[in-house]
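All remarks here apply to the structure that follows.
The values are calculated or read from the model by the stated rules, or taken from the named source; none is laboratory data. In this text the structure is predicted, and so the values were computed from the model without any measurement. Methodologically, a virtual Cβ is constructed for each residue, glycine included, from the backbone with ideal geometry; neighbour enumeration extends over all protein chains shown. Quick note on the areas: whole protein, heavy atoms, side chains included, nothing else; ligands and nucleic acids left out. Shrake-Rupley method; radii C 1.70, N 1.55, O 1.52, S 1.80 Å.
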Amino acid sequence: MTTLWFDTDKCLIKGQWQAPLGGQSLALINPSTGQELAQIARGQQADIDAAVAAAQGALAGDWGALTAAERGRMLADLGRLVAARADDLAALEAADVGKPLKQARADALALARYLEFYGGAADKVMGQTIPYLSGYTVYTLREPHGVTGHIVPWNYPMQIIGRSVGAALAMGNAAVLKPAEEACLTALAFGDLALEAGLPAGALNIVPGLGPEAGAALAGHSGVQHISFTGSVATGVAVQAAAAQNLVPVTLELGGKSPQLVFDDADLDAALPFLVNAGVQNAGQTCSAASRILVQRGVYDRVAEAMAARYRALRVGPAAHDLDIGPLISARQRDIVQGFLGQTAPEHELARAAMAADLPPGGFYFAPRLLAGLAPDSPLAQQEIFGPVQVLIPFEDEAEAIALANGTEYGLVAGIWTRDGARQMRLAKKLRAGQVFINNYGAGGGVELPFGGTGKSGHGREKGFEALYGFSTLKTVAALHG
Ligand code: NAD
């Protein structure tokens, strides 16, 4: 791993790296080896209090005084610093999350792109003038909420920081970031680069720590005006309930059981890489993972065979070896995934990826599985596994495909593979999802594309220009001048 160029066991508060007030730290584990990687701060209520006060101070001071163009320029500068350090950031993320280096590098460049995008957008969010009664001039102002809280998971720390903190800062909010206790290094590196980019003290504060401690303290803090949360449904419910005590708006991004629908007329050669990659990328620990592949009967056997062949060719190994798949994030996550698999009879396993020969003994490795023949209402076909497990389900016709696709409690992303233009349009309207991809899936990350779910996938939108509306509040000004 690259040398750590910042203190890992500190919080960033008011532009300074500070030891947590409770003086405690937590071990960060490298999932590829099971060995300790670093110690991080165990931030608690008092640290969150200090971070919120620092953010309030920034809003009342240097940060709040900047013009939108000045803020944007600063974020763009930060994006350039991130891009210049992409290899270092990738090495940190690979060691911390266990993702192969090339994926980690793509995530670092995505963070840079978010900052470029939101830096450029900062001075382009405008209000309206509204025709009204005679003698009035009415207009709207888009204003920051104030202090925004960002509770981030471990699966894509850099990307989620980019889309959430990047958009919030662009709108002039001051942020308090609580990274995940399982993967925290790139959040801290980001804080260090933000100082180098000249972000005023308190505009960005970072308090690592445990969810029920630092996370809960942030979600329920009366000095916070907006919470952005990405993670599990159960924690999303707790975060929303805590924020409700202060009537604070919440954006929840909670994952899914996203389908890709493959019709008989699909271009299978084009579809196949997307069908498999979207299920196993990041070892399946992706909120928008396509964990259900729904296939029309006429091509079902061909798709099943071709996907199985791809599974057998996948290689699982340590992040630094840059194979197809790294380990899962933790022993706990591997237990969860294996627990799901425990419910499956062996005949349902169509294919399994291969483990590299030289796996470090302590790593949290799990071979991706392709499953078939399961009832659509079985837990494996209904619940988010958050591991590299995909379920193949056949369908007869369009009506059945829609019923299956919409037949879970989630609604995050859906993919449609068909050459029939009318069917593409019909399905795009009928599928219950925040994003629908036609003859592709994921659209290469899509910094510009609004993202979020319905149902148990959560609510609110991040990414794209839409996020700027979410991270701001609208004021209507009505002037009677006669
Ligand atoms: P989690 O939801 O518990 O953790 C996500 C973040 O929330 C972390 O920063 C954590 O510290 C924080 N947190 C935990 N409890 C909190 C609380 N009471 N108040 C405020 N913040 C709190 O997720 P996890 O335990 O890391 O993973 C469990 C499951 O969550 C996974 O198996 C997966 O299904 C899901 N998950 C989804 C996503 C996603 O992108 N949608 C990401 C990570 C995990």
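Mind counting the residues in the range 383-398 that are more than 9 Å from the ligand (Cβ to nearest atom) and more than 23 Å from ALA428 (Cα to Cα)?
First pass over the range 383-398, keeping only residues more than 9 Å from the ligand (Cβ to nearest atom): 388-398.
From what is left, the residues that are more than 23 Å from ALA428 (Cα to Cα) are 388-389.
Looking only at that region, the number is 2.
Would you please name the residue that is nearest to LEU404 (Cα to Cα), looking only at residues in the range 331-382 that are among the aliphatic types (A, V, I, L, M) and within 16 Å of the ligand (Cβ to nearest atom)?
Kept after step one, since they are among the aliphatic types (A, V, I, L, M), are these residues of the range 331-382: 331, 336-337, 341, 345, 350-351, 353-357, 359, 367, 370-372, 374-375, 380-381.
Next cut, within 16 Å of the ligand (Cβ to nearest atom) only: 331, 336-337, 341, 380-381.
Working: ALA331: 32, ILE336: 25, VAL337: 23, LEU341: 21, LEU380: 14, ALA381: 10 Å.
For the range 331-382, the residue satisfying everything is ALA381.
Test TRP63 against the criterion of being of a type outside the set (Val, Ile, Thr) and either open to solvent by 30 Å² or more (accessible area, probe 1.4 Å) or not assigned by TED's automatic domain parsing to the domain that holds PHE117 (or both), and give yes or no.
Values: of a type outside the set (Val, Ile, Thr): yes; either open to solvent by 30 Å² or more (accessible area, probe 1.4 Å) or not assigned by TED's automatic domain parsing to the domain that holds PHE117 (or both): no.
Considered against the rule, which asks whether it is of a type outside the set (Val, Ile, Thr) and either open to solvent by 30 Å² or more (accessible area, probe 1.4 Å) or not assigned by TED's automatic domain parsing to the domain that holds PHE117 (or both), TRP63 comes out as no.
When you check GLU409 against the structure, is it in the same structural domain as TYR300 (by TED's automatic domain parsing), touching a residue at least 12 places away in the same chain (Cβ under 8 Å), among the acidic types (Asp, Glu) and closer than 28 Å to ASP265 by Cα, yes or no?
On the way: in the same structural domain as TYR300 (by TED's automatic domain parsing): yes; touching a residue at least 12 places away in the same chain (Cβ under 8 Å): yes; among the acidic types (Asp, Glu): yes; closer than 28 Å to ASP265 by Cα: no.
Taking the combined requirement at face value, the residue does not satisfy it.
Determine, yes or no, whether ASN277 is more than 24 Å from the chain's Cα centre (by Cα) and either under 18 Å from GLY453 (Cα atoms) or open to solvent by 40 Å² or more (accessible area, probe 1.4 Å) (or both). Write out each step before concluding.
On the way: more than 24 Å from the chain's Cα centre (by Cα): no; either under 18 Å from GLY453 (Cα atoms) or open to solvent by 40 Å² or more (accessible area, probe 1.4 Å) (or both): yes.
No; evaluated as a whole, the condition is false for this residue.
When only residues in the range 229-254 that are out of contact with any strand residue (DSSP E or B) (no Cβ under 9 Å at 6 or more places or on another chain), in a helix (DSSP H, G or I) and within 9 Å of the ligand (Cβ to nearest atom) count, which is least open to solvent (accessible area, probe 1.4 Å)?
Taking the candidates together, the pick is ALA238.
Considering only residues of the range 209-228 that are open to solvent by 10 Å² or more (accessible area, probe 1.4 Å) and near the ligand (Cβ under 7 Å from one of its atoms), which is nearest to PRO20 (Cα to Cα)?
My answer is LEU210.
Looking at the range 197-206, is at least one residue open to solvent by less than 10 Å² (accessible area, probe 1.4 Å), within 13 Å of the ligand (Cβ to nearest atom), farther than 21 Å from GLY64 by Cα and part of a strand (DSSP E or B)?
Scanning the range 197-206, I find no residue that is open to solvent by less than 10 Å² (accessible area, probe 1.4 Å), within 13 Å of the ligand (Cβ to nearest atom), farther than 21 Å from GLY64 by Cα and part of a strand (DSSP E or B), so the answer is no.
Looking at (1) part of a loop (DSSP other than H, G, I, E, B); (2) farther than 24 Å from LEU169 by Cβ, find the lone condition where SER222 falls short.
(2)
For the range 294-347: of the residues being open to solvent by 40 Å² or more (accessible area, probe 1.4 Å) and touching a helix residue (DSSP H, G or I) at 6+ places or on another chain (Cβ under 8 Å), which is nearest to PHE395 (Cα to Cα)?
ARG302
Taking the stated definitions as given, is THR286 touching a Ser or Thr at 6+ places or on another chain (Cβ under 6 Å) and either open to solvent by 10 Å² or more (accessible area, probe 1.4 Å) or under 30 Å from GLY326 (Cβ atoms) (or both)?
Values: touching a Ser or Thr at 6+ places or on another chain (Cβ under 6 Å): no; either open to solvent by 10 Å² or more (accessible area, probe 1.4 Å) or under 30 Å from GLY326 (Cβ atoms) (or both): yes.
No, not satisfied.
Within the range 255-289, work out how many residues are over 17 Å from ILE329 (Cβ atoms), within 11 Å of the ligand (Cβ to nearest atom) and not small (Gly, Ala, Ser).
1
Does ALA399 fit the bill of being surrounded by fewer than 22 Cβ atoms within 10 Å (Cβ to Cβ), aliphatic (A, V, I, L, M), in the same structural domain as LEU314 (by TED's automatic domain parsing) and at pLDDT below 95?
Details: surrounded by fewer than 22 Cβ atoms within 10 Å (Cβ to Cβ): yes; aliphatic (A, V, I, L, M): yes; in the same structural domain as LEU314 (by TED's automatic domain parsing): yes; at pLDDT below 95: no.
The answer is no for ALA399.
Only one of (1) open to solvent by less than 40 Å² (accessible area, probe 1.4 Å); (2) within 26 Å of the chain's Cα centre (by Cα); (3) farther than 28 Å from VAL165 by Cα fails for TYR410. Which number is that?
(3)
So which pairs qualify, if the first residue must be in the range 376-393 and assigned by TED's automatic domain parsing to the domain that holds ARG312 and free of Cβ contacts under 8 Å to residues at least 60 places away in the same chain, the second must be aromatic (Phe, Trp, Tyr) and open to solvent by 10 Å² or more (accessible area, probe 1.4 Å), the Cβ gap must be under 8 Å, and the two must be at least 6 apart or on different chains?
Partner pairs satisfying both residue conditions: PRO379/PHE340; LEU380/PHE340.
Restricting attention to the range 173-185, does a residue exist that is among the β-branched types (Val, Ile, Thr), near the ligand (Cβ under 10 Å from one of its atoms) and in contact with a helix residue (DSSP H, G or I) (Cβ under 8 Å, 6 or more places away or on another chain)? Lay out the reasoning, then the answer.
Narrowing the range 173-185 to residues among the β-branched types (Val, Ile, Thr): 176.
From what is left, the residues that are near the ligand (Cβ under 10 Å from one of its atoms) are none.
There is no residue in the range 173-185 that is among the β-branched types (Val, Ile, Thr), near the ligand (Cβ under 10 Å from one of its atoms) and in contact with a helix residue (DSSP H, G or I) (Cβ under 8 Å, 6 or more places away or on another chain).
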